[in-house]
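Worksheet: the structure to be examined is printed underneath.
The values are calculated or read from the model by the stated rules, or taken from the named source; none is laboratory data. Just so you know, these numbers come straight off a predicted model, no measurement behind them. With ideal geometry, Cβ positions are generated from the backbone for all residues, glycine too; neighbour counts draw on all protein chains shown. Remember, those area values only see protein heavy atoms, side chains included, never the ligands or the DNA or RNA. Shrake-Rupley method; radii C 1.70, N 1.55, O 1.52, S 1.80 Å.
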Amino acid sequence: GAKVFADFEQQMANVATMLDEPEKHMGAFRQGIRQMSVEFGESTEARAGGLYDILSASVPAEKAMDVLAVSARAAKAGLADTKTSADAITTILNAYGLEAERAGQVSDLLFSVVRRGKTTFAELAPQVGMVASTAASAGIGLDELGAALATLTRHGGRTENAVTAVTQILMSFLKPSKEAA
């Protein structure tokens, strides 16, 4: 028990390094992570890792627990872990310049890709970050990106191949060869 407590405190110390005023938030973060771990059946380590990633993605501390809750629900429903879900959600939020309040919509979009495509949340979440910033730069909306990924995976492409294909297509328009121009 002492080791588990010490490990949790070390994880929370890592989280505190991401805050300008840790004393304002750490009590609520500790309590929230413990409650979510019981509610969703995932370790405090996974939750603290997700919270660290959320804060490092520049989500305001006041909104971090809301994004963590969305990530935890997405992880449970998608058979993934919170850290992976948080990474996917915050990557898309940042790539598209979206506010933290849109985390639920991003999660819903990811599940739409899973539902309409032939992929899993656990396969999609770590891959989507590789295409999100390119798609945003090219002016491709989230819905269009999701539709492209769903279509490519539905027709037999593996998730990582679909992400690579979409990225390459977008890059060919962003930086066309002389012949393409």
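Which of the residues that make up the stretch 38-54 are among the hydrophobic types (A, V, I, L, M, F, W, C) and under 12 Å from the mean Cα position of the chain (by Cα)?
Correct list: L51, I54.
Does the stretch 59-86 hold any residues that are assigned to a helix (DSSP H, G or I) and either over 13 Å from the mean Cα position of the chain (by Cα) or closer than 18 Å to G27 by Cα (or both), and which are they?
As a first pass, look at the stretch 59-86 and keep what is assigned to a helix (DSSP H, G or I): 61-78, 82-86.
Scanning the stretch 59-86 gives A61, E62, K63, A64, M65, D66, V67, L68, A69, K76, A77.
Out of (1) without any contact (Cβ under 8 Å) to a residue 12 or more places away in the chain; (2) open to solvent by less than 90 Å² (accessible area, probe 1.4 Å), what's the single condition that is false for A57?
(1)
Looking for something surrounded by 13 or more Cβ atoms within 10 Å (Cβ to Cβ), within 25 Å of F121 (Cβ to Cβ), among the aromatic types (F, W, Y) and at pLDDT below 95 - is there at least one such residue anywhere in the stretch 6-24?
No, the stretch 6-24 contains no residue that is surrounded by 13 or more Cβ atoms within 10 Å (Cβ to Cβ), within 25 Å of F121 (Cβ to Cβ), among the aromatic types (F, W, Y) and at pLDDT below 95.
What is the residue count in the stretch 1-22 for residues that are among the charged types (D, E, K, R) and assigned to a helix (DSSP H, G or I)?
So the first thing to find is which residues in the stretch 1-22 are among the charged types (D, E, K, R), and the list is 3, 7, 9, 20-21.
Imposing the further condition that a residue be assigned to a helix (DSSP H, G or I) reduces the set to 3, 7, 9.
Of the residues in the stretch 1-22, 3 are among the charged types (D, E, K, R) and assigned to a helix (DSSP H, G or I).
Among the residues of the stretch 123-143, count how many are open to solvent by 50 Å² or more (accessible area, probe 1.4 Å), over 18 Å from the mean Cα position of the chain (by Cα) and at negative phi.
We begin by selecting, within the stretch 123-143, every residue open to solvent by 50 Å² or more (accessible area, probe 1.4 Å); these are 123, 126, 130, 133, 137, 139-140, 143.
Keeping just the survivors that are over 18 Å from the mean Cα position of the chain (by Cα) gives 137, 139-140.
Filter once more, so that each one left must be at negative phi: 137, 140.
Summing the residues that are open to solvent by 50 Å² or more (accessible area, probe 1.4 Å), over 18 Å from the mean Cα position of the chain (by Cα) and at negative phi in the stretch 123-143 gives 2.
Can you say whether T119 is part of a loop (DSSP other than H, G, I, E, B) and open to solvent by less than 60 Å² (accessible area, probe 1.4 Å), as far as the supplied structure shows? Talk me through it step by step, then tell me what you get.
Values: part of a loop (DSSP other than H, G, I, E, B): yes; open to solvent by less than 60 Å² (accessible area, probe 1.4 Å): yes.
Considered against the rule, which asks whether it is part of a loop (DSSP other than H, G, I, E, B) and open to solvent by less than 60 Å² (accessible area, probe 1.4 Å), T119 comes out as yes.
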